[in-house]
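Before any comments, here is the structure.
The values are calculated or read from the model by the stated rules, or taken from the named source; none is laboratory data. Keep in mind that what you see is a predicted model, and the values were worked out from it rather than measured. Here the Cβ positions follow ideal geometry from the backbone for every residue, glycine too, while neighbour counts run over all protein chains shown. For accessibility, only protein heavy atoms count, side chains too; no ligands or nucleic acids. Shrake-Rupley method; radii C 1.70, N 1.55, O 1.52, S 1.80 Å.
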Amino acid sequence: RIIATIGIKDLLIIDTNDATLIAKKGQSENVKKIVNSLKTKNIKEAFENNFELRPWGKFENLSETKECKVKKITVFPYQRLSKQFHKYRSEHWMIIKGTGTVYLNDKKIILKKGNSIDIKKKSIHYIENNTGKNLIFIEIQMGTYFGEDDIFRLDDPYERS
């Protein structure tokens, strides 16, 4: 997306994929006030970023509706996600680059580019990348709630709670 300006002077323009901030130079200390106002109005962008770095890699939120959430997930070489389950959502994973080893309810499944797997709600699962190249997959979440706090970690190599 293009942002163009004409005749604009002494402005800060910060553009991300989910929000744009335009402020007069010298007013950046008021950003906190805007964020607090967005939080008061329960605007999701104030609570959650579209892109997050994690110890194992990164993810980007591509789409979110009432019915589903779609993420692009990259798992760095020789890293893995936590062993986890979700109470409110199921997931569908489609590998778009690399090879992943999925552990799903005590089963080990190797997925390569083009392969996919369904993970039912409350299933214990994780994916790891045992190769020297990035693993990239698309995750489609379906359910009634898609917040990051619907991750119940049973085992985490990065010692997060």
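Restricting attention to the range 22-60, which GluC sites (Glu not before Pro) occupy a DSSP loop and are surrounded by at most 14 other Cβ atoms within 10 Å?
Here the GluC sites (Glu not before Pro) that fit, given the DSSP loop and packing criteria, are Glu48.
More than 22 angstrom separation, counting every C-alpha pair in the chain; what % is that?
51
Do you know the relative contact order of the chain, to the nearest whole percent, from alpha carbon pairs under 8 angstrom that are 6+ apart?
22
Exactly which GluC sites (Glu not before Pro) in the range 96-161 are in a DSSP loop and have at most 10 other Cβ atoms within 10 Å?
Of the GluC sites (Glu not before Pro), the ones in loops of the range 96-161 whose Cβ has at most 10 other Cβ atoms within 10 Å are Glu159.
Give me the accessible area per residue for the chain, probe 1.4 Å, as a whole number in Å².
65
Rounded to the nearest 500 deg cm²/dmol, what is the calculated helix-only ellipticity per residue at 222 nm for the chain, with -39500 (n - 2.57) per DSSP H run of length n ≥ 4?
Value at 222 nm, helices only: -2000 deg cm²/dmol.
Less than 20 Å apart at the alpha-carbon level, and either on another chain or at least 8 residues along: which lysines does that give for Lys41?
By straight Cα distance, Lys41 reaches Lys32, Lys33, Lys66.
Using only Cα atoms and rounding to the nearest 10 degrees, what angle (0 to 90) does helix 31-40 make with the longest principal axis of the chain?
60
Most fluctuating residue of Ile109, Ile96, Ile136 in a GNM of the chain with Cα springs under 10 Å: which is it?
Top of the fluctuation ranking is Ile109.
Counting only trypsin sites (Lys or Arg not before Pro) that sit in a DSSP loop (anything but H, G, I, E, B) with at most 15 other Cβ atoms within 10 Å, what is the longest stretch of the chain containing none of them?
134-159
Rounded, prolate or oblate: pick one for the range 77-130, where a ≥ b ≥ c are the square roots of the eigenvalues of its C-alpha gyration tensor, a/c under 1.5 means rounded, and failing that, prolate if a/b is larger than b/c, else oblate.
Prolate shape, in that a/c is at least 1.5 and a/b is the bigger ratio.
Can you return the aspartates and glutamates within cross-link range of Lys25? Criterion is Cα-Cα under 15 Å, with same-chain partners fewer than 8 residues away left out.
Cross-link targets: Asp10.
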